[in-house]
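Accompanying notes for the structure given below.
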Amino acid sequence: MTVIDNPTPTETPEAVHNGKGRHPKAGIAFTVVALLFGLSGFFVIDPNRTTTFELDQTTLSTGTVNTMHIVLTAAGVAFLFGILFLIGLPSKLYKLAVVGGLLALVVGALSWVVTPAVEFPIEFVLLNTLFLALPFIFGALSGVVSERSGVINIGIEGQFLMGAFSAALVASITGNPYAGMIAAVVSGMLSTLLLAWLATRFQVNQVVTGVILNLLALGLTGFLYERLMRGDASLNRATTVPRIGESLENMGLGFLTDIPVVGPMLFNQSIFVYLALFAVVALWFLLFRTRWGLRTRSVGEHPAAADSVGIKVNSMRFWNVTVAGALSGFGGAFFTIANNVAFNKNMTAGLGFVALAVMIVGRWNPMGVLAGALVFGFSKAVEEYLNSMQDNPIPTEFLAMLPYAVTLVVVAGVIGKAVPPASNGVPYTPGDK
């Protein structure tokens with residue numbers, strides 16, 4: 001009797017050793033970066049240099065630390081996490097350790113970058129982080145709904161533009177920003193109807209269709225801007241919605257905004273922030289705790305199996321993509337109403353594609369999307385602050401590049417592989433296997 005040995009399983013990026021997950025790519029990346037960061041700080045930074053952090057929105061208190069000490073500490077923490085990744089770390093602690101290591105490096109880098117005579121406004125940056133993350137949250141959530149259903153939505157950029165234009169126009173005509181927000185939702189849904197129809201009825205290439213729809217939205221909004229808004233400025237004067245802090249003050253709850261760090265970030269924001277956080281939680285619950293979510297995930301992962309149990313795959317994809325357009329259209333209102341800014345041609349500047357990157361970073365999960373959007377929002381907030389800071393030692397364009405570098409790291413599998421739904425972008429004909 002011939003005995004066939006069991007083949008050795010292919011080693012995964014997260015190899016198992018002594019019951020612990022090893023993450024060699026992340027370990028090497030963290031140790032190398034930490035060593036370079038620490039050595040550079042040791043030889044370059046003046047030992048007597050200090051960095052001051054300020055709670056600028058509430059207590060107006062400051063704290064001064066030795067710059068070299070905090071840089072070396074941050075490098076040491078990141079290096080320690082790198083070693084743990086190499087020798088083995090419980091999988092439940094892996095993501096937390098990655099966040100801790102990255103946070104240490106960010107704090108160290110900010111301490112180094114901030115001009116010694118300038119105070120770093122912690123609360124201002126955190127407040128702006130959440131606010132600037134809004135378009136990425138809405139756009140990425142739109143991508144999650146669409147791609148979980150099996151349809152690639154490259155047209156988020158165009159949906160942003162349509163939402164921004166419609167919000168500005170309707171809010172200007174009615175004098176009501178909430179009417180503009182509703183118009184943004186409707187325009188987003190209408191702009192995705194064509195994608196949904198072509199993808200489900202004619203099974204066209206979804207990537208090409210999305211690109212064409214982006215160009216169509218760019219041309220249409222540009223044409224309408226020239227014909228309507230440029231000739232009549234009253235059609236491009238949308239008012240914004242008040243911050244919640246004003247309402248809390250009238251209700252006698254103004255003390256909430258005075259809570260250090262948390263107060264300005266959570267209790268003195270636009271209604272857009274609260275709607276975004278609600279959308280994240282609601283979509284997570286709907287996707288993973290309801291029948292609709294199970295069916296949505298099934299048509300995106302295995303449409304033939306869904307069809308075999310009576311789910312109308314293409315019908316569900318059609319309506320889900322339309323709903324996804326409502327989210328991205330509402331995200332477009334951020335560019336005009338939320339910022340109290342007049343509409344201008346191509347004002348979204350490619351942020352719809354960044355939202356797709358956030359979706360990938362978030363692994364097609366609403367909670368992951370929120371985390372990824374905050375990373376991008378923080379980068380934008382720091383970039384804006386450093387742009388206004390005197391004697392900024394590094395080009396702010398470099399900071400603007402960092403979120404894209406993070407996306408490449410995730411896609412490359414250093415922090416784990418980002419795997420899309422199995423049938424994402426694959427047309428389905430009823431009866432196929």
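The values are calculated or read from the model by the stated rules, or taken from the named source; none is laboratory data. Since the model is a prediction, treat every value here as computed from it, not as a measurement. Cβ: placed from backbone, ideal geometry, glycine included. Neighbour counts: every protein chain shown. Only protein heavy atoms, including side chains, enter the accessible area calculation; ligands, DNA and RNA are left aside. Shrake-Rupley method; radii C 1.70, N 1.55, O 1.52, S 1.80 Å.
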Q) Comparing ALA338, ALA179, ALA349, which has the greatest mean-square fluctuation in the GNM of the chain with Cα pairs linked when under 10 Å apart? A) ALA349
Q.
Give me the mean projected area, in nm² to one decimal, of the convex hull enclosing the Cα positions of the chain.
A. 27.1 nm²
Q) Where a ≥ b ≥ c are the square roots of the eigenvalues of the C-alpha gyration tensor, would you call the stretch 293-334 rounded, which needs a/c under 1.5, or, failing that, prolate if a/b is larger than b/c, or oblate? A) prolate
Q. How much net charge surrounds GLN203 when only other residues with a Cβ under 13 Å from its Cβ are counted (Lys, Arg +1; Asp, Glu -1)?
A. +1
(Q) Keeping all protein chains in place and using 1.4 angstrom, which order do ARG201, ARG22 fall into by accessible surface area, from largest down? (A) ARG201, ARG22
**Q.** Kyte-Doolittle mean at least 0.5, axial Cα span of 24 Å or more - DSSP H helices of the chain
**A.** 24-44, 67-87, 91-113, 156-174, 177-197, 206-224, 271-289, 313-332, 366-388, 396-412
Q) For the stretch 200-273, what class follows from the C-alpha gyration tensor (a ≥ b ≥ c being the square roots of its eigenvalues): rounded when a/c is under 1.5, otherwise prolate if a/b is larger than b/c, else oblate? A) oblate
Q) Separation of the stretch 260-279 and the stretch 180-243 by C-alpha centroid, Å? A) 27 Å
Q. Just by accessible area at a 1.4 angstrom probe, what is the order of MET265, MET251, MET68 from largest to smallest?
A. MET251, MET265, MET68
Q: Please list the non-local residues whose amide H lies under 5 Å from the amide H of GLY21, H modeled 1.01 Å from N, same-chain partners needing a gap of 5 or more.
A: LEU89, SER91
Q: Springs between alpha-carbon atoms under 10 Å, Gaussian network over the chain: tell me which of GLY180, GLY362, GLY88 tops the mean-square fluctuations.
A: GLY88
Q.
What is the percent carbon and sulfur in the accessible area of the chain, measuring with a 1.4 Å probe over the protein chains and ignoring ligands?
A. 67 percent
(Q) Please check: in the Gaussian network model of the chain (C-alpha springs, under 10 Å), which one of PRO303, PRO393, PRO421 has the largest mean-square fluctuation. (A) PRO393
(Q) Based on alpha-carbon atoms only, what is the radius of gyration of the stretch 276-387 relative to the globular estimate 2.2 N^0.38 Å? (A) 1.28
Q: Could you order ASP432, ASP258 by accessible surface area, starting with the largest, using a probe radius of 1.4 Å?
A: ASP258, ASP432
**Q.** Heavy-atom accessible area per residue - the chain, 1.4 Å, Å²
**A.** 48 Å²
Q.
Would any residue of the stretch 234-275 have its amide N under 14 Å from a label point 7 Å out along Cα→Cβ of THR58? List them or say none.
A. 254-269
(Q) Of all beta bridges DSSP finds with both residues in the chain, what is the antiparallel percent, to the nearest 5? (A) 75 percent
Q: Taking the Cβ of ASN387 as the centre, find all other residues whose Cβ is under 14 Å away and add up their charges (Lys, Arg: +1; Asp, Glu: -1).
A: -3
**Q.** Whole-angstrom Cα spans of the stretch 177-229 along principal axes, big to small
**A.** 37, 24, 13
Q) Any idea what the relative contact order of the chain is, in percent, if you count C-alpha pairs under 8 Å spaced at least 6 apart? A) 24 percent
